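Participant: Before I ask anything, here is the structure I am working with.
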Amino acid sequence: MKNRGNVKENSYLCTNFRGQMKIKEVISALERFAPLPLQDGFDNAGLQIGLTEAEATGALLCLDVTEAVVEEAIALGYNLIVSHHPLLFKGYKSITGKDYVERCIMKAIRNEIVIYSAHTNLDNAQGGVNFKIAEKIGLKNVQVLDPKECMGEVVAGAGVIGELDEPETETDFLKRIKKLFEVGCVKHNRMTGRLIRKVALCGGSGAFLLPRAVDGGADVFITGEVKYHDYFYYENQILVAEIGHYESEQYTKEIFQSIIREACPELEVKMTRVNTNPIKYL
């Protein structure tokens, strides 16, 4: 398995002799790390809006593209937005500004801003979203939970599984996760008194990997979204922890930042100050 998680090994300087760079060069660096063929069939990762021959003036990094994010890019003078979740998932027969997606499209085009998204290709990449989550939790011996083949080679896949340096009680572990990911509410199934040693996880909507986590001997499975009946079905097999879709993937921006700063050191790069999480906690 190639280690695509090493940014230095997979990057290249995207500046030319004048110190300038085109947007397409920034995108090439992102796609060297997370090739588009790694995305799942339902996805729409890649270039969303704009022309990539323009010189990059700066890159704004976000989880979701919203009107506030586009306005932030305009205020900064940046002409590239890099998001995790694609702005465009469905086809549009007209663009009239009736919803936030259409308004973002109109605003981005009007201000000549390119929008690029790396979604499930970044989820499935070696060193991608789930490896970043594992790093934050402090897991060791991290392995892919559901390996994926790309162009005849196993390069990465969905979810990861790893080990803690020292076992933790269920309560201590969940409290640590809540604080680490700034979660308003950690949902979980019935505790059984087990110690947490082996941890499986998948950012976003990862409940489909629960059987893999059980088969892998994990004591806990962490993800962003879990179906109601999964709490019943797995109650005696594994501790299930649901921490929120946004919360589980919030550190994706750090991956974008590392890739771009390593490959394009002269380009201004900032993480959005906008919290785009649509879910609020009372």
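Participant: For the chain, what is the Kirkwood hydrodynamic radius in Å, using each pair of distinct C-alpha atoms?
Facilitator: 19.6
Participant: For segment 162-209, what class follows from the C-alpha gyration tensor (a ≥ b ≥ c being the square roots of its eigenvalues): rounded when a/c is under 1.5, otherwise prolate if a/b is larger than b/c, else oblate?
Facilitator: rounded
Participant: What is the angle, in °, between the Cα long axis of helix 170-180 and the longest principal axis of the Cα atoms in the chain? Nearest 10 is fine, range 0 to 90.
Facilitator: 10
Participant: While we're looking at this one, here's another question. Show me the ranking of peptides 138-144, 152-158 by mean Cβ neighbours inside 10 Å, starting with the highest.
Facilitator: Highest to lowest by the protection proxy: 152-158, 138-144.
Participant: Express the accessible area of segment 29-100 per residue in Å², computed with a 1.4 Å probe while the remaining protein chains stay in the model.
Facilitator: So segment 29-100 comes to 45 Å² accessible per residue, rounded to a whole number.
Participant: Moving to a separate point now. Let me have the 222 nm mean residue ellipticity of the chain computed from DSSP H runs of 4+ only, each contributing -39500 (n - 2.57), with the sum over all residues rounded to the nearest 500.
Facilitator: Using -39500 (n - 2.57) per qualifying helix, the result is -8500 deg cm²/dmol.
Participant: By how many degrees, 0 to 90 and rounded to 10, does the Cα axis of helix 252-263 deviate from the longest principal axis of the chain?
Facilitator: 50
Participant: A further question on this structure: Give the span of segment 46-144's Cα atoms along each principal axis, as three whole-Å numbers ordered largest to smallest.
Facilitator: 49, 30, 24
Participant: Dipole of the chain (Lys/Arg Cβ +1, Asp/Glu Cβ -1, origin at the Cα centre): which of PHE256, THR276, TYR246 lies farthest to the positive side?
Facilitator: It is THR276.
Participant: Continuing with this model, one more query. Under a cut-off of 27 Å between alpha-carbon atoms, report the lysines in cross-link reach of LYS140, not counting same-chain residues fewer than 8 places apart.
Facilitator: Excluding near neighbours in sequence, the set is LYS2, LYS8, LYS132, LYS148, LYS175, LYS178, LYS179, LYS187, LYS198, LYS253.
Participant: As a test, work out the antiparallel percent of DSSP beta bridges whose residues both lie in the chain, rounded to the nearest 5.
Facilitator: Bridges in the chain are about 50 percent antiparallel.
Participant: Right, something else. Would you mind working out the accessible area per residue for segment 127-282, using a 1.4 Å probe, and quoting it in Å²?
Facilitator: I get 50 Å² per residue for this part.
Participant: What's the carbon and sulfur percent of the chain's accessible surface, probe 1.4 angstrom, rounded to a whole number?
Facilitator: So the carbon and sulfur contribution to the accessible surface is 50 percent.
Participant: Using the Cα gyration tensor of segment 17-90, with a ≥ b ≥ c the square roots of its eigenvalues, what is the shape: rounded (a/c below 1.5), prolate (a/b larger than b/c) or oblate (neither)?
Facilitator: Oblate, because a/c is 1.5 or more while a/b does not exceed b/c.
Participant: About its Cα centre, what dipole magnitude does segment 26-94 give when the only charges are +1 on Lys and Arg Cβ and -1 on Asp and Glu Cβ, stated in debye to the nearest 20?
Facilitator: Computed charge dipole of segment 26-94: roughly 200 debye.
Participant: Taking only Cα atoms, what is the 0 to 90° angle, nearest 10, from helix 67-76's long axis to the longest principal axis of the chain?
Facilitator: Once rounded, one gets 50 degrees.
The values are calculated or read from the model by the stated rules, or taken from the named source; none is laboratory data. If you're wondering where the values come from, they're calculated on a predicted model, not measured in any experiment. Here Cβ is always computed from backbone atoms with ideal geometry, including for glycine, and neighbour counts include all displayed protein chains. The accessibility values were calculated without ligands, DNA or RNA, using every heavy atom of the protein model including side chains. Shrake-Rupley method; radii C 1.70, N 1.55, O 1.52, S 1.80 Å.
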